[in-house]
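Below is one structure, written out as structure tokens; comments come after it.
None of the figures in this text is laboratory data; all of them are computed from the coordinates on show. It should be emphasised that the depicted structure is a prediction, and the values quoted were computed from it without experimental measurement. Reconstructed Cβ throughout: ideal geometry from the backbone, glycine too, with neighbour counts over all protein chains shown.
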There are 2 protein chains.
Amino acid sequence: MNLNQATDYAFRAVLYLAGKPKGEVVEAHEIARQQVIPTRFLLKIMPSLIKGGIVKSQRGIGGGYYLAKDPRDITLLDVVEAVEGPVTINRCLADDGYCSRQGIPNCQVHNALADIQEKLVEELKSHNFGDLIK
Amino acid sequence: MNLNQATDYAFRAVLYLAGKPKGEVVEAHEIARQQVIPTRFLLKIMPSLIKGGIVKSQRGIGGGYYLAKDPRDITLLDVVEAVEGPVTINRCLADDGYCSRQGIPNCQVHNALADIQEKLVEELKSHNFGDLIK
DNA sequence: CCTAATGTTTACTAAACTGGTGTACTTTTA
DNA sequence: TAAAAGTACACCAGTTTAGTAAACATTAGG
């Protein structure tokens with residue numbers, strides 16, 4: 001029941017970029033140094049945020065990263081999903097429909113978990129980086 | 001961001017016991033067979049539920065497990081905590097106070113996560129096995 | 001009091017995951 | 001064209017996960 005370290009680092013990388021003037025390009029080394037993240041590891045995490053449409057990158061001299069959109073339009077859920085994929089608190093709630101209780105009808109526990117998961121997702125969605133940098 | 005398999009099995013073991021008449025002793029093999037759980041693995045999980053005050057056991061011939069209290073007084077949170085320990089969605093929110101951003105003030109993300117975690121715990125607490133067996 | 005049926009405890013294990021690091025490569029600017 | 005950035009892929013040690021195995025402790029019944 002834990003977000004992993006990569007997601008935690010991603011939160012802080014996005015938070016750091018959100019604190020910069022819009023469109024300012026910040027190199028990985030600066031983000032890593034300021035947020036106390038191993039640079040190489042951050043460099044491996046960033047492409048996930050790019051694929052998730054959260055940040056954009058610029059290569060070459062003077063390159064780095066910048067937010068792809070307004071901090072207010074980036075939620076905690078966006079970052080979590082970009083790094084870890086869809087939020088599922090139980091395997092049976094994953095996309096592939098895996099259920100260890102397959103064939104057993106009336107899986108009440110899993111119905112309850114689905115309800116809880118939905119609320120968790122809504123909570124993650126309710127926090128955006130525009131509010132967090134205040 | 002996942003409950004583990006042991007917790008999932010524990011949910012179903014408790015649910016199965018909750019469906020039995022109060023105080024009826026059910027052996028591990030029956031629970032395992034009915035709920036499609038590897039018997040040996042279930043046998044390893046049950047002591048956690050006992051330590052958590054959720055079930056009680058009786059050894060020897062005719063032995064097995066039975067609920068330690070009314071199903072209405074057992075929540076999903078009780079089972080999760082018995083099997084996995086305290087719920088923490090981020091390492092920095094664990095008891096030991098670990099924070100990868102130690103020394104950095106105003107950790108806004110973690111404040112938001114603490115808020116979300118609290119709501120998740122409340123949700124888990126709001127579902128009890130008395131309701132689930134209906 | 002002996003035996004078989006039950007749960008308990010501890011140790012072990014293969015596979016996957018976590019949190020990185022290393023190396024080579026591509027892109028871009030000066 | 002060289003240096004400074006990000007990208008991609010492979011590798012790795014340690015931990016966790018999901019079990020299994022074996023020896024042990026307790027209890028009911030004969």
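Going through the cross-link list A:LYS44/A:LYS69; B:LYS22/B:LYS56; B:LYS44/B:LYS134; A:LYS125/B:LYS134, which pairs have a Cα-Cα distance over 23 Å in this structure?
Details: A:LYS44/A:LYS69 21 Å; B:LYS22/B:LYS56 12 Å; B:LYS44/B:LYS134 28 Å; A:LYS125/B:LYS134 32 Å.
Table pairs above 23 Å Cα-Cα are B:LYS44/B:LYS134; A:LYS125/B:LYS134.
At B:GLN58 and A:HIS29, where each label point lies 7 Å from the Cα along Cα→Cβ, what is the point-to-point distance in nanometres?
Taking the simple label geometry, B:GLN58 and A:HIS29 are separated by 7.2 nm.
Using a simple spin-label model with points 7 Å from Cα along the Cα→Cβ vector, what separation in nm is obtained for B:TYR66 and A:ALA6?
Taking the two extended label points, one gets 4.9 nm.
Report P(r) for the protein assembly as shown: all Cα-Cα distances, bin width 5 Å, range 0 to the bin holding the largest distance, values in whole percent.
Binned Cα distances yield the sequence 1, 5, 12, 15, 15, 12, 10, 9, 7, 6, 4, 2, 1, 0, 0, 0.
Can you tell me the dipole magnitude for chain B around its Cα centre, using point charges on the Cβ only (Lys, Arg +1; Asp, Glu -1), in Debye to the nearest 20? Don't skip to the end; give the middle numbers.
On the way: 16 positive and 16 negative charges, 95 e Å.
For chain B, the charge dipole is close to 460 debye.
Compute the Rg to Rh ratio over chain A from the alpha carbon atoms, using the Kirkwood formula for Rh, and round to two decimal places.
On the way: Rg = 17.4 Å, Rh = 16.2 Å.
That ratio equals 1.08.
Once both labels are modelled 7 Å past Cα along the beta-carbon direction, what's the A:LYS22-B:PHE41 spacing in nm?
Going from the A:LYS22 label point to the B:PHE41 one covers 5.2 nm.
How shielded is A:5-18 by partner chains, expressed as the average number of their Cβ atoms within 10 Å of its Cβ atoms? Before the final figure, lay out each step's value.
On the way: counts 3, 0, 3, 9, 2, 1, 8, 7, 0, 1, 4, 0, 0, 1.
Mean inter-chain Cβ contacts per residue within 10 Å come to 3.
Could you work out the local net charge near B:VAL26, counting Lys and Arg as +1, Asp and Glu as -1, over the other residues with Cβ closer than 13 Å to its Cβ?
Working: positive: B:ARG12, B:LYS20, B:LYS22, B:ARG33, B:LYS56; negative: B:GLU24, B:GLU27, B:GLU30.
That works out to +2.
Whole Å is fine, so just give me how far the alpha carbon centre of the range A:41-70 lies from that of the range B:19-63.
Using only Cα atoms, the two centres lie 51 Å from each other.
How big is the dipole moment of the protein assembly as shown about its Cα centre under a simple scheme where the beta carbon of each Lys and Arg is +1, that of each Asp and Glu is -1, and everything else is neutral? Debye, nearest 20, please.
Details: 32 positive and 32 negative charges, 111 e Å.
For this selection, approximately 540 debye.
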